[in-house]
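The structure that follows is given in the form of structure tokens.
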Amino acid sequence: MTLPLKSRPEVTVCIACRNEEANAEAIAAAVCEKMESVGADFDIIFIDNESSDRTVEIVKGMCARDPRIKLIKNTRNYGQMRSPTHAIYEAGGRAVISMCADFQDSPDLLPEFVRRWRAGVPIVLGIREREKSGLILSAVRSMSYAMQRRFGDYQIIPNATGFGIYDAKVVRAIEQLNEPEPFFRGLLVETGYKIEQIPFARPPRAGGRSKNNFFTLLDFALNGLAGSSGNLLRAPLYVAFLFGLLTAACMLGAVWAAFAGQSWQLWLFAAMLEGQFTLLFLFLGLLGVQVKLISDRTRNQPLVLEEERVNFPPDYKGTASTPEYEKAGTGV
């Protein structure tokens, strides 16, 4: 038995967190204030990705004081793709808002998200206009967007982090894709539903330390690219053909350099060989991620394993798996 439509919240706000003891209580208060300002019937789901600080204790305290606040505690850290998406699938609202706990996804945008969704827009996303980040992290983002434009099966929205509101029918459509490593911001585009954008200046973290570094962001970018690009399977063939011609030319050049006594050409030849191996291993790595995704789909594993739930009624069920919304209407 599922929760009756009239008993479900209008909007569920999903907040992904890991070691956010400095922000958890403040972000919940800010969300409640903004959602109440537009008269929304809402609940909040915190999903915790194996915090080692007092985050879970703090959220449980909020759950005891406010039945609108819920908690999903994962058995381990399932990463930045699977954990937030699981919370979205488990949300009971007719619309779902996804955001982080660190205030970089500004709660000030929530009332406008709700207003536009009520006006009939199925997806509304916050787009960061600017954000202070290091040269290396900026370069990784630029590389990721460039590769996505060149090889992606569909175009993602640059500078969209997934922060936004999605109608229940959108969430349902994405869940049916059964992605084992869901690159949610890309899947939103793949659904084909209308997307409106709201630019905003992304603020710095309110407290605590970021869990992102060069390697986590690179892994996120590569997983998103591999999961949304069938063209990568063909790209190595074109590159291999091109570098095959260059290798033949370099070999002829190396033979000439050996007879002419010009040793610098040999160094150039060696450098080009190293470049070929670099590209080879890059493409093999990307293809390896795709092979892993195929393996995960075959295994049909859940996105996360839950250790504990707090404040979820027995008949509470995510709208993603509730087709009644499509029959009764979702407000859009």
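Bear in mind that the values in this text are calculations on the coordinates, not laboratory data. Remember, predicted model here, so these are calculated numbers, not experimental data. With ideal geometry, Cβ positions are generated from the backbone for all residues, glycine too; neighbour counts draw on all protein chains shown.
Just to check I understand the Karplus step: with θ = phi - 60° and J = 6.51 cos²θ - 1.76 cosθ + 1.60, what whole-Hz values come out for the stretch 181-189, glycine and proline as x?
With the stated coefficients, the stretch 181-189 comes to 10, x, 7, 4, 5, x, 5, 4, 5 Hz.
Could you please report the charge total around residue 42, scoring K, R as +1 and D, E as -1 over all other residues with beta-carbon less than 9 angstrom from its beta-carbon?
Working: positive: 68; negative: 10, 36, 41, 43.
With Lys, Arg at +1 and Asp, Glu at -1, the net is -3.
Further question on the same structure: Please give the peptides 9-17, 108-116, 172-180 ranked by average Cβ packing (other Cβ atoms within 10 Å per residue), highest first, as a rough proxy for protection. If you can, show how the numbers build up before the last one.
Numbers: 9-17: 25.0, 108-116: 19.3, 172-180: 17.0.
Per-residue mean Cβ counts within 10 Å order the peptides as 9-17, 108-116, 172-180.
Turning to a different aspect of this structure: Computed on alpha carbon atoms, what radius of gyration and Dmax characterise the stretch 20-71, expressed in Å?
For the stretch 20-71, the Cα radius of gyration and maximum Cα-Cα distance read 11.2, 36 Å.
Same structure again: Amide H neighbours of residue 161 under 5 Å, counting only residues 5+ apart in sequence or on other chains, H built in-plane at 1.01 Å?
128
I need the fraction of alpha carbon pairs in the stretch 1-114 separated by more than 21 Å, rounded to a whole percent. Present the calculation step by step, with values, prior to reporting the outcome.
Numbers: 2016 of 6441 pairs.
Of all Cα-Cα pairs in the stretch 1-114, 31 percent lie more than 21 Å apart.
Tell me the net charge near residue 112. Cut-off is 14 Å between Cβ atoms, residue 112 excluded, with +1 for each Lys or Arg and -1 for each Asp or Glu. Kindly include the intermediate steps, with their values, before the conclusion.
Working: positive: 34, 115, 116, 118; negative: 105, 108, 196.
Cβ neighbours under 14 Å give a net charge of +1.
How high is the relative contact order of the stretch 16-70, in percent, with contacts defined as C-alpha pairs under 8 Å that are six or more residues apart?
On the way: 54 pairs, mean separation 27.3, N = 55.
Relative contact order of the stretch 16-70: 50 percent.
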